[in-house]
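Worksheet: one structure, shown below.
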Amino acid sequence: MENKYIIFDTHAHYDDNLFDEDREAVLSQIKENGVVGILNCASSYESIDKTYKLTIENNFIYGALGIHPENADEFNDDVEKEIIELIRKNEKILAIGEIGLDYYWEENPPREVQQDIFRRQMKLAERLNLPVIIHDRDAHKDTLEIIKEFPNVKGIVHCFSGSTEFALECIKLGYYIGVGGVVTFKNAKKIVEVVKEIPLDKILVETDAPYMAPTPNRGKRNKSDYIAYIIEQIAQIKDLEPKEVNLAVNDNFKRLIGKDI
């Protein structure tokens, strides 16, 4: 892929075991292909330490620490203390995440447990004055209700899957809309409509690597340089130059975290 863009991937999981065999080679390759930064998002207790180490070992990787709703049972007072300690030790931890609600899988922890842990991690973000990375799957109403309880917290609704109305509600509350590979899929209608209707200054781009690779790599392992396809699709939807979209989404992320990285 030609290196045309300055890519910051606002959501990836390079700690995932799908990268265990060639992680260093992949990171080196994407760097050569224009990737200047990655926000690696923890999801499980185990991934907190792995994410932290990735930020120490790679100058272009930043971290978000938190417990995903699928693993809500793993969050407790000790985990919270550990997250706080790691954040205090390392200024490259930029957010609390990936947190939120996932009602899609029946085997996930009960909804009440997910909601409780979501609220606890929102409180933590408020206390530490950090943005949040929110996972919301089939839980739009409850997600909105909980984020409204924390007006001082801002963040990203990652891999956005809701309606335009929901997106506009989130934007009003100070959130950015995370747009990933789905926007390039032939059958993607909802997210295309969202991208069309919301302002460019509220859009962020992400991969969710190793998952959700965009067309033309759908079904393959995802990686951060594939964001080029997402940038180009957003540009096409909004009738803008891809370079303009690229620079805007990078500025949006810097605005969210409150610093130039």
Can you report the number of residues in the range 1-25 which are open to solvent by 10 Å² or more (accessible area, probe 1.4 Å) and more than 16 Å from the chain's Cα centre (by Cα)?
14
When you go through Tyr14, Tyr52 one by one, which is the residue that is at pLDDT 95 or above and more than 24 Å from Tyr226 (Cβ to Cβ)?
Tyr52
Those residues that are closer than 19 Å to Arg23 by Cβ and out of contact with any Asp or Glu (no Cβ under 8 Å at 6 or more places or on another chain), I need them from the range 205-227; list them, please.
Asp208, Tyr211, Met212, Ala213, Asn217, Lys220, Arg221, Lys223, Asp225, Tyr226
Do any strands (runs of 3 or more DSSP E) lying entirely in the range 113-183 carry at least 1 residues that are open to solvent by 20 Å² or more (accessible area, probe 1.4 Å) and farther than 26 Å from Ser224 by Cα, and which ones are they?
none
Out of all the residues in the range 93-103, is one or more surrounded by fewer than 18 Cβ atoms within 10 Å (Cβ to Cβ), in a loop (DSSP other than H, G, I, E, B), within 19 Å of the chain's Cα centre (by Cα) and at pLDDT 95 or above?
yes
Give the number of residues within the range 63-115 that are without any contact (Cβ under 8 Å) to a residue 40 or more places away in the chain and farther than 23 Å from Tyr52 by Cβ.
11
Any hit, the range 188-205, residues being on the phi > 0 side of the Ramachandran plot, open to solvent by 10 Å² or more (accessible area, probe 1.4 Å) and out of contact with any strand residue (DSSP E or B) (no Cβ under 8 Å at 6 or more places or on another chain)
no
Filtering the range 212-236 down to residues that are more than 15 Å from the chain's Cα centre (by Cα) and in a loop (DSSP other than H, G, I, E, B) yields Pro214, Thr215, Pro216, Asn217, Arg218, Gly219, Lys220, Arg221
Residues of the range 1-36 being free of Cβ contacts under 8 Å to residues at least 24 places away in the same chain and of a type in the set (Lys, Arg), which ones?
Arg23
Condition (residue is among the acidic types (Asp, Glu) and either in contact with a His (Cβ under 6 Å, 6 or more places away or on another chain) or not in a helix (DSSP H, G or I) (or both)) applied to the range 21-33: is it met by at least one residue?
yes
Those residues of the range 41-78 which are surrounded by fewer than 16 Cβ atoms within 10 Å (Cβ to Cβ) and assigned to a helix (DSSP H, G or I), in sequence order:
Glu46, Asp49, Lys53, Ile56, Glu57, Asp73, Asp77, Asp78
How many residues does the range 6-20 hold that are within 22 Å of Ile99 (Cα to Cα) and in a loop (DSSP other than H, G, I, E, B)?
4
How many of the residues in the range 206-261 are crowded, with 21+ Cβ neighbours inside 10 Å, in contact (Cβ under 8 Å) with a residue 60 or more places away in the chain and hydrophobic (A, V, I, L, M, F, W, C)?
6
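The values are calculated or read from the model by the stated rules, or taken from the named source; none is laboratory data. Here the structure is a predicted model, which is why all the values come from computation and not from measurement. Reconstructed Cβ throughout: ideal geometry from the backbone, glycine too, with neighbour counts over all protein chains shown. Accessible surface areas use protein heavy atoms only, side chains included; no ligands, DNA or RNA. Shrake-Rupley method; radii C 1.70, N 1.55, O 1.52, S 1.80 Å.
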